[in-house]
Amino acid sequence: MTKRVAILISGGGSNMVALAESMVGDHPARPVLVLSNDPAAGGLEKAAALGIPTASVDHRPFGGDRAAFETALQAALERVRPDILCLAGFMRILTPEFIERWAGRMLNIHPSLLPKYRGLNTHARALAAGDRTHGCTVHEVTAELDGGPILGQAQVRVLPGDTPETLAARVLPMEHRLYPAVLRRFASGDRRPVFLS
Ligand code: GRF
């Protein structure tokens, strides 16, 4: 049975594009919605150009009421009955209640080799620490921020003279390889982690 995948974005959606373009042929999943918390997210146009239904739930009118925002988010999701949620550059913190509802069916990509550098500014932190390798991780989303079971990692070498920008530019293409590889395996029911370098 083909798995139905909803992809949540906040910005340009380059990971969303990589995921959407991978779900073809004998891939066990298909994209059914691209959903953004920002109605102006560039990724929404890219999704529409790929023929994927889109929706947005602007988080700003909800102020600090995360539960109300998530109720609207859940309603948009339930309309397409997704089996799997992929967070792809989605920049809102989700409540434990929302996460619990999707436990075991929600993935995220994070630009570091978790458990190192949970949270933001990962590339600058890896450089400041003098790390020789860096990369990205796909993990199941749990209530612990960037802390769920690891489903895949991709490594890049840190080069002399790297800046956060040059490092990010080397990690992003690896994200675009890793996330589709993990989703294909996850959608087929295989939770063995994927490692790329
Ligand atoms: C990427 O660095 C990703 O790791 C992080 O958000 C950034 C932008 O992603 N989660 P995208 O281009 O919007 O997919």
### Query
What is the number of the single condition among (1) within 13 Å of the ligand (Cβ to nearest atom); (2) open to solvent by 30 Å² or more (accessible area, probe 1.4 Å) that A154 does not meet?
(2)
### Query
Among the residues of region 17-26 satisfying the criterion of being more than 13 Å from the ligand (Cβ to nearest atom) and loosely packed, with under 14 Cβ neighbours inside 10 Å, which is nearest to V5 (Cα to Cα)?
V24
### Qualifying residues in region 42-55 (those that are of a type in the set (A, V, I, L, M, F, W, C) and touching a helix residue (DSSP H, G or I) at 6+ places or on another chain (Cβ under 9 Å)) - the one most open to solvent (accessible area, probe 1.4 Å)
L50
## Note on the structure
When A29 is run through (1) within 14 Å of the ligand (Cβ to nearest atom); (2) open to solvent by less than 60 Å² (accessible area, probe 1.4 Å), the failure sits at (1)
### Query
For region 1-37, which residues satisfy the criterion of being among the aliphatic types (A, V, I, L, M), closer than 13 Å to R81 by Cβ and in a strand (DSSP E or B)?
V5, A6, V32, L33
### Task
Return yes when R170 is farther than 21 Å from R118 by Cα, in a helix (DSSP H, G or I) and not assigned by TED's automatic domain parsing to the domain that holds F98 and no when it is not.
no
### Query
S14 fails exactly one of the following numbered conditions: (1) buried (at least 23 other Cβ atoms within 10 Å of the Cβ); (2) out of contact with any Gly (no Cβ under 7 Å at 6 or more places or on another chain); (3) of a type in the set (S, T, Y). What is the number of that condition?
(1)
### Task
Report the residue count in region 134-167 for those that are farther than 17 Å from R118 by Cβ and of a type in the set (S, T, N, Q).
3
### Query
Could you say whether any residue in region 123-135 is open to solvent by 20 Å² or more (accessible area, probe 1.4 Å), within 16 Å of the ligand (Cβ to nearest atom) and part of a loop (DSSP other than H, G, I, E, B)?
no
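The values are calculated or read from the model by the stated rules, or taken from the named source; none is laboratory data. Just so we're clear, the structure is a prediction, and the values are computed from it rather than from any experiment. A quick note on method: Cβ atoms are made from the backbone with ideal geometry, for glycine too, and the neighbour counts reach across all protein chains shown. Side chains are part of the model used for accessible areas, which takes the heavy atoms of the whole protein and leaves out ligands, DNA and RNA. Shrake-Rupley method; radii C 1.70, N 1.55, O 1.52, S 1.80 Å.
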